[in-house]
1. Picking from Ala62, Ala147, which residue would you name as being under 26 Å from Tyr201 (Cβ atoms), of a type in the set (Gly, Ala, Ser) and either touching a residue at least 24 places away in the same chain (Cβ under 8 Å) or surrounded by 22 or more Cβ atoms within 10 Å (Cβ to Cβ) (or both)?
2. Looking at Val270, Val235, Val202, can you tell me which residue is surrounded by fewer than 19 Cβ atoms within 10 Å (Cβ to Cβ), in the same structural domain as Ala132 (by TED's automatic domain parsing) and not charged (D, E, K, R)?
3. Within the stretch 213-227, how many residues turn out to be surrounded by fewer than 18 Cβ atoms within 10 Å (Cβ to Cβ) and either in a loop (DSSP other than H, G, I, E, B) or outside the structural domain of Lys28 (by TED's automatic domain parsing) (or both)?
4. Would you confirm whether any residue within the stretch 169-183 is assigned by TED's automatic domain parsing to the domain that holds Phe70, among the polar types (S, T, N, Q) and closer than 21 Å to Ile69 by Cβ?
5. Return yes or no: is Asp43 at negative phi, assigned to a loop (DSSP other than H, G, I, E, B) and either acidic (Asp, Glu) or surrounded by fewer than 22 Cβ atoms within 10 Å (Cβ to Cβ) (or both)?
6. In the stretch 229-250, which residue that is of a type in the set (Ser, Thr, Tyr) and in a helix (DSSP H, G or I) is nearest to Ala44 (Cα to Cα)?
7. Being touching a helix residue (DSSP H, G or I) at 6+ places or on another chain (Cβ under 6 Å), within 30 Å of Tyr240 (Cα to Cα) and of a type in the set (A, V, I, L, M, F, W, C), is that true of even one residue in the stretch 11-19?
8. Could you identify the single residue in Leu114, Leu98 that is surrounded by 15 or more Cβ atoms within 10 Å (Cβ to Cβ) and under 18 Å from Ala156 (Cα atoms)?
Amino acid sequence: MKSRLVKIVSNELTWFFVPGSNQRNIDKVATLEADAFIFDLEDAVAISEKQNARDKVIQAIARYQQKNIFVRVNSFDSPYFLEDVRQVVVQGVDGIVLPKAETPAQLQVLDKLLLEKEQELNIPLGSIKIVALIESALGIHHAVELANFYRVTRLAFGAIDYTLDIGATLTEHGSELLFAKSQLVLASRVAKIEGPIDVVYVDIYNEEGLRKEVTFSKELGFKGKLIVHPAQLKVVNEVYTPTDSEVEQAKKIIQAAEEAEEQGKGVVSVDGKMIDLPVIKKAEGVLALYNRLSVTTVEN
């Protein structure tokens, strides 16, 4: 499968959850500027509302063709999984978020369903992305295999179910999550996909706590955040946007590297510090992210 279908690059920072059965929240999507919207058919939807949520999400996908739209289906082991995929994979959907992703076998089943839908919709095979939402010890154990699956463009982390699964206590300092988070960062890197998407921060109006958590996860190597309230968008974007000093330093490093190359010099120094290739690549990444976020801000 990998030999004929190419893995798609995905670098979204803000992933906004929208309850699939809540029309008021669905309507608000028109006014929000997240990088991706996840219409939720799982935890946010009561059992009695599952079909109603599917119907609303199908209508929302048609309505928001210009947005980046994902759907979180119910888990692989649930009685709703197959019908979720069969119904909501329609023209305009960009990807599926698979909750409680644990094994490559689950992805293979989902892939077969998606291939059938892509053929039915006459869209390129392999074009519908998968975000593997890892929420268990088994998922962490298989993280590299999951990240390497050709449709998987990102890994995401679900802390509440994960701590329940391993018998840990979810705390404000988050030390119980450090191993799992680091594993997801490493798995993403091994698979050469963008860094993982961090957990939902449930204390909605605690801006200081959110900023602290996003900053820590960013330092670990996470490259995005699951979001449940519009107020959280601003904080996440601010944390990930390089500061003016970081941008200026990156420009100096790249300029010095270019000048050294023109002069045939093998050693680069900026502000008295030796600069090697990894530092140069990091500087290029800083500028690329800054330019992307700046363009997004202007367009908004």
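The values are calculated or read from the model by the stated rules, or taken from the named source; none is laboratory data. Keep in mind it's a predicted model, so treat the numbers as computed, not measured. We place every Cβ from the backbone using ideal geometry, glycine too, and count neighbours over all the protein chains shown.
1. Being under 26 Å from Tyr201 (Cβ atoms), of a type in the set (Gly, Ala, Ser) and either touching a residue at least 24 places away in the same chain (Cβ under 8 Å) or surrounded by 22 or more Cβ atoms within 10 Å (Cβ to Cβ) (or both) holds for just one of Ala62, Ala147, which is Ala147.
2. Of Val270, Val235, Val202, the one residue that is surrounded by fewer than 19 Cβ atoms within 10 Å (Cβ to Cβ), in the same structural domain as Ala132 (by TED's automatic domain parsing) and not charged (D, E, K, R) is Val202.
3. Qualifying residue count, the stretch 213-227: 1.
4. No: the stretch 169-183 contains no residue that is assigned by TED's automatic domain parsing to the domain that holds Phe70, among the polar types (S, T, N, Q) and closer than 21 Å to Ile69 by Cβ.
5. yes
6. Tyr240
7. The answer is yes, given that some residue of the stretch 11-19 is touching a helix residue (DSSP H, G or I) at 6+ places or on another chain (Cβ under 6 Å), within 30 Å of Tyr240 (Cα to Cα) and of a type in the set (A, V, I, L, M, F, W, C).
8. Selected residue: Leu98, the only one of Leu114, Leu98 that is surrounded by 15 or more Cβ atoms within 10 Å (Cβ to Cβ) and under 18 Å from Ala156 (Cα atoms).
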